[in-house]
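Notes follow the structure.
The numbers here are math on the coordinates, done by the rules we state, and not lab data. Remember, it's a predicted structure, so these values are computed and weren't measured experimentally. Don't worry about glycine lacking a Cβ; one is built from the backbone with ideal geometry, like all the others, and counts go over all protein chains shown.
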Amino acid sequence: MTYIHKGWVRAIIIVLAAAGVVALLWWRGPAWGAVLDAFRAVEWHWVAAAIGLNLLSVIVRAAAWRTVINQAMPKPHPSPLLVFSAFSVGLLANAVLPGRIGELARVGVLSRRMPEQEGAWATLLGTVFAHRIFDLVSVLVMIAFVAATAQIPGWAVTSLVIVAVAGVLLFSIAVISARQHHLSDLGGLSAVRKVVRLGRHGLGVMRDPASAALACFLQLLGWTFQLFAVWASMHAFGIHSPLPAAGLVLVLMNVATIFPLWPGNVGLVQATIALPLSRYYGVPRATGIAFGFGLQAIEASVGVSIGLIFLAREGLSFAMLKVMPDASQTELPDDEPGLVAPAGDERRPPARVSG
């Protein structure tokens, strides 16, 4: 199947999915005038609280990534501000571009500021994978909390089981594959094997129980802040359901965005949130739909705003997010001729690890 054919298939799938969401909202949806009324009744101090909690979540999740990086790479380690800057740019890319390109964007932002670290791109990509593994651990904890305290819709159970199985499998793979940089020798390896080994260095935190526990705790703390941000957002829209309802919303929202069919999966997220709230907690469907839009806007506002700030700080443009450095720009030790820097990249900016 050619690239063009694949593009048409993807476009057809997206159109059909979007049509299904529109039909669902039209068939089971509320009177849209009532949705507007729900927005007019928003309590803005709760919105401010939700934004603040989301910001705290971003801060501690970036700290978790820095913990992974510090264990994976030799000194000098990037400063907290530099890691937070790269993480924020990644959030911006994930919010406005398809395909989770933000994961590559944050690697690209950080690697360009660490030119003295040979093979930094491959190692940092490994740290992103390790960071996401700890994210899955937090997801499993959240699923367990929701399963014990709230009723999960039958249509979501299969997806959550798949997520749980995938989480256990990926965690096992990460632990088995991890290599610590100070115990690993790159001598005599081919270019491809060297890149793979450097990527495994990014998983090195898995071999250090103390650092792994700290990273896992920070990720879980970030999810806790996000849980209370959802709870605060519910209060902003006059939904005074208990905390387990917020946990259900958070889990279902993540289920709805596992596969980013279009930016934010707008429409699908709102239907995924509103229907269970209406069925299990008696929330009017119009209020649930309005809350779904509001919650997504609150979360996006944090990622987009701080992402734009740090995008400017890094001297990058929005268009450059689509062409961030990739594996072809991985630098290897000089004794390996297999990979070289691309043309036009001979002059790199000086190291600015301090942030």
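List the extent of the Cα atoms of region 38-165 along each of their three principal axes, largest first, rounded to whole Å.
Extents along the principal axes, in whole Å: 51, 39, 25.
How would you rank HIS77, HIS131, going from fewest to most other Cβ atoms within 10 Å of each one's own Cβ?
With the fewest neighbours first, HIS77, HIS131 line up as HIS77, HIS131.
Stretched out fully, how many nm does the piece from ALA144 to LYS75 gain, at 0.36 nm a residue minus the Cα gap?
Difference between extended and current length: 21.0 nm.
Give me the distance in nm between label points sitting 7 Å out from Cα along the Cα-to-Cβ direction at SER305 and GLN151, one decimal.
3.7
Counting Lys +1, Arg +1, Asp -1, Glu -1, what net charge surrounds VAL175 among other residues with beta carbon under 13 Å of its beta carbon?
Here the charged neighbours net out to +2.
What order do you get for LEU110, LEU170, LEU124 when you list them from fewest to most C-beta neighbours inside 10 Å?
On the way: LEU110 27, LEU170 14, LEU124 31.
In order of increasing Cβ crowding within 10 Å: LEU170, LEU110, LEU124.
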